[in-house]
1. Could you run through segment 74-96 and say how many residues are under 20 Å from Pro32 (Cβ atoms) and free of Cβ contacts under 8 Å to residues at least 24 places away in the same chain?
2. Please give the number of the condition Ala50 fails out of (1) part of a helix (DSSP H, G or I); (2) modelled with pLDDT under 95.
3. I need the full set of residues from segment 100-116 which are farther than 14 Å from His176 by Cβ, over 9 Å from the mean Cα position of the chain (by Cα) and in contact (Cβ under 8 Å) with a residue 24 or more places away in the chain, in order please.
4. Checking Leu89 against (1) surrounded by fewer than 22 Cβ atoms within 10 Å (Cβ to Cβ); (2) in a helix (DSSP H, G or I); (3) of a type in the set (A, V, I, L, M, F, W, C), which single condition isn't satisfied?
5. Kindly evaluate Leu11 against the criterion of being over 18 Å from Ala55 (Cβ atoms) and touching a Lys or Arg at 6+ places or on another chain (Cβ under 9 Å).
6. Considering only segment 66-83, how many residues are closer than 14 Å to Thr30 by Cβ and in a helix (DSSP H, G or I)?
Amino acid sequence: MTPLLVVGLVLCLVAAATDLRSGSIPNRLTYPALVLAPPAHLLLALRYGAAWPDALAQAGLSLVGLVVCGLVPFFLWRKGAMGGGDVKLFAALGALALPRVGFEAEMYVLIVAAMMAPIELVYRGHLLRTLRNLGSQLGQTFRKQEHKQALDPALVSWFRLGPCFAIGFALQVLLHWRSP
């Protein structure tokens, strides 16, 4: 297992604790991973005996992972459906784990979130309100633009993804524990 997967796991565990405590994932947690992941891949590849072109390719793959894993969350953030810290953490994990493993980890994080969200909505007593909102928004898709109604921001339920990152990325690390 690559040491950078361990770094990603630690990053997710700290992000989960921070998100639960403060409701945000701070830049001081994500920016170092975003900036240092490509050079770290380069140096690790050289340390394990790769030639310079192969080591540079590893650093390039890290940048591709950053973009691939950050793109969909970025568009969700632009629509107000995800927090900025979540977007940067997805991108950082893509840079650390490279595109294939990073994208798989992203899917695990989102699957865990899809399983935990209804449980949290029931716990907070917001499930029926959220389902009504969803029905209302689905009904809006068939209306003409001039007849659409804006969603009341007070009816939106937010969900903290930090714990989902920790569980989903831990699952991904376990699956790749013995991978070369």
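The values are calculated or read from the model by the stated rules, or taken from the named source; none is laboratory data. Fair warning: this is a prediction, and the values are worked out from it, not measured in the lab. Counting neighbours? That spans all protein chains shown, and the Cβs are built from the backbone with ideal geometry, glycine included.
1. Count: 4.
2. (1)
3. Ile111, Val112, Ala113, Met116
4. With (1) surrounded by fewer than 22 Cβ atoms within 10 Å (Cβ to Cβ); (2) in a helix (DSSP H, G or I); (3) of a type in the set (A, V, I, L, M, F, W, C) applied to Leu89, the lone miss is (1).
5. Working: over 18 Å from Ala55 (Cβ atoms): yes; touching a Lys or Arg at 6+ places or on another chain (Cβ under 9 Å): no.
Judged against the criteria, Leu11 is not a match.
6. Looking only at that region, the number is 6.
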